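Report on the following structure.
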Amino acid sequence: MQRTQLQPSRWHNQLWYQANPARLLMERKAVESRFPQFALVRDGEQLVWMGKLTTNRGEVYEIALYYPDDFPISPPRVFPIVPTITSWKNEAAGELKHQYADGALCLYDPKDRTFNQNSTAATVIAVAAAWLFAYETWLDSGEWPGLEAD
Amino acid sequence: MAMPDHVYIARNDAYERIVAEALRVPEHETGGILVGRMFCTNSANVLVVAAASGPGKPAPAYADMYVPDTLARQRELEIWRAMFAPHRLDYVGEWHTHPAIHPRPSYGDTCQVNAIFADTAYQLPDGIFTPIVIVEHGSCRLHGFYYPRETRHPTAVECTVIDSAIEPLMRHLATLDEGK
Amino acid sequence: MPDDQTTTNQSPQDNLEDLKRRLDSAQDVHVDPSGKLVTQSGSDSGSKSTQKKTVIKPQRWFARMAE
């Protein structure tokens, strides 16, 4: 039986943006160039981009994009803040349409690798904009455009 | 292989040692290795943690980083393997403390896990168990996380502390273990 | 499903309303050219660090605590 030979290691509890300032800079540049209306705020120790998106139908939505603790291993999560959207597929059963139980938007199937570690918050905001378009289409027609994982 | 369905932690040689070390230096980050074995039965994958170490006495202490003494831990790993020789135990993971506001593995922790997976010195065909220990108001809480090798993503796991001797459990699981 | 979904018993609507209230008092921050975070306004409030996080709550299983 082969046996483990331990190697030098180090384990951090630094926040992702403390451990990786170059990535934070990259995030700032990406969001500021594509979505200059967004502002960076801090909710406790978490960083959040907040801003407004306007759909083709002229509706304005304010969203909050939260970076997870282990970014970019895990993708950011987007919450609809104004208005607070809850897209019920079956309200009695508590089933939401393309939203998680805490209200975060379901932007992609985690298995399809839409988000990878090089994807920035700017990409995720763009996907959220597409979600809002699809949401409005669903409200109008009852059909959610595009591929659906659920 | 998928996640462990259950994680059992021996109270005397593992859990109590983790708690004692975490409470010894609550203002610094600390940790240690975990020694055990994954058993794959036809109904469940069961990870047994039979023993835990500290960081090793020469290890420096930091508030935001745990840098263990490698040689000291290797010695301890050998000792535990010898003590539990019939059960073929090995390194199954690493525990370390975090501040209470960060009860999950950090980005830096995931980078360290990926480095371990890439290193053939580590015999971790399935994944690695990396519980996070929080010390708050003088008491400890252990949050179990397991990184499957396939996903490299920390996933919460149920942990149970076993008060009785761990060896009868391991003997029983060994009879059910398939292919190992 | 990602394991970082909240397991709160709150409705999604209530959770979003809570989030909105917290964000109303969130601190503006900037990133300086070296990638360092700079708080824009006010002092570093220690109370912020005790705020609950939004994206938390994987399953938590607590080993029995030693006395």
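The values are calculated or read from the model by the stated rules, or taken from the named source; none is laboratory data. Note that the coordinates shown come from a computational prediction; the quantities given were computed from them, not determined experimentally. Ideal geometry is used to build each Cβ from the backbone, glycine not excepted, and the neighbour counts take in all protein chains shown.
Residue-wise test of (1) farther than 19 Å from residue B:31 by Cβ; (2) modelled with pLDDT under 90; (3) of a type outside the set (S, T, N, Q); (4) assigned to a loop (DSSP other than H, G, I, E, B).
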residue: B:135; (1), (2), (3), (4): no, no, yes, no
residue: B:142; (1), (2), (3), (4): no, no, yes, no
residue: B:161; (1), (2), (3), (4): no, no, yes, no
residue: B:168; (1), (2), (3), (4): yes, no, yes, no
residue: B:173; (1), (2), (3), (4): yes, no, yes, no
residue: B:180; (1), (2), (3), (4): yes, yes, yes, yes
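Would you be able to say whether some residue in the range C:41-55 is farther than 20 Å from residue A:100 by Cα and modelled with pLDDT of 90 or more? Don't jump to the end; show me each part of the working.
Within the range C:41-55, the first condition is being farther than 20 Å from residue A:100 by Cα, and the residues that meet it are C:41-51.
Within this subset, residues satisfying the condition of being modelled with pLDDT of 90 or more are none.
Checked against the condition, which is being farther than 20 Å from residue A:100 by Cα and modelled with pLDDT of 90 or more, the range C:41-55 yields no hits at all.
How many residues are at the interface with chain A (Cβ under 7 Å from one of its Cβ atoms), out of contact with any helix residue (DSSP H, G or I) (no Cβ under 9 Å at 6 or more places or on another chain) and either of a type outside the set (A, V, I, L, M, F, W, C) or assigned to a strand (DSSP E or B) (or both) if we restrict to the range B:100-133?
Final tally of qualifying residues: 7.
It is to be established whether one or more residues within the range A:94-103 are more than 9 Å from chain C (Cβ to nearest Cβ), over 13 Å from the mean Cα position of the chain (by Cα), surrounded by fewer than 18 Cβ atoms within 10 Å (Cβ to Cβ) and not in a loop (DSSP other than H, G, I, E, B).
Checked the range A:94-103: at least one residue is more than 9 Å from chain C (Cβ to nearest Cβ), over 13 Å from the mean Cα position of the chain (by Cα), surrounded by fewer than 18 Cβ atoms within 10 Å (Cβ to Cβ) and not in a loop (DSSP other than H, G, I, E, B).
Could you tell me whether residue A:55 is in contact with a helix residue (DSSP H, G or I) (Cβ under 6 Å, 6 or more places away or on another chain), at the interface with chain C (Cβ under 8 Å from one of its Cβ atoms) and within 27 Å of residue C:17 (Cβ to Cβ)? Steps first, answer last, please.
Values: in contact with a helix residue (DSSP H, G or I) (Cβ under 6 Å, 6 or more places away or on another chain): yes; at the interface with chain C (Cβ under 8 Å from one of its Cβ atoms): no; within 27 Å of residue C:17 (Cβ to Cβ): yes.
Against the criterion (in contact with a helix residue (DSSP H, G or I) (Cβ under 6 Å, 6 or more places away or on another chain), at the interface with chain C (Cβ under 8 Å from one of its Cβ atoms) and within 27 Å of residue C:17 (Cβ to Cβ)), residue A:55 does not qualify.
Does the range B:62-69 include one or more residues that are crowded, with 19+ Cβ neighbours inside 10 Å, more than 9 Å from chain A (Cβ to nearest Cβ), touching a strand residue (DSSP E or B) at 6+ places or on another chain (Cβ under 7 Å) and not hydroxyl-bearing (Ser, Thr, Tyr)?
No, the conditions are met nowhere in the range B:62-69.
Being more than 10 Å from chain A (Cβ to nearest Cβ), buried (at least 24 other Cβ atoms within 10 Å of the Cβ) and within 28 Å of residue B:164 (Cβ to Cβ) narrows it down to one of B:31, B:36, so name that one. If you could, list the steps in order and put the result at the bottom.
Values: B:31 fails: more than 10 Å from chain A (Cβ to nearest Cβ).
From the options B:31, B:36, the qualifying one is B:36.
Here's a check for you: in the range A:21-49, which residue that is part of a loop (DSSP other than H, G, I, E, B) and more than 7 Å from every other protein chain (Cβ to nearest Cβ) is farthest from residue C:40 (Cα to Cα)? Even if it seems obvious, please write down each step before you answer.
Of all residues in the range A:21-49, those part of a loop (DSSP other than H, G, I, E, B) come to A:35-38, A:44-45.
Now restrict to residues that are more than 7 Å from every other protein chain (Cβ to nearest Cβ): A:35-38.
Details: A:35: 20, A:36: 18, A:37: 17, A:38: 15 Å.
Among them, the one singled out is A:35.
Report the residue count in the range B:39-68 for those that are of a type outside the set (Gly, Ala, Ser) and under 18 Å from the mean Cα position of the chain (by Cα).
Going through the range B:39-68 one residue at a time, the tally reaches 12.
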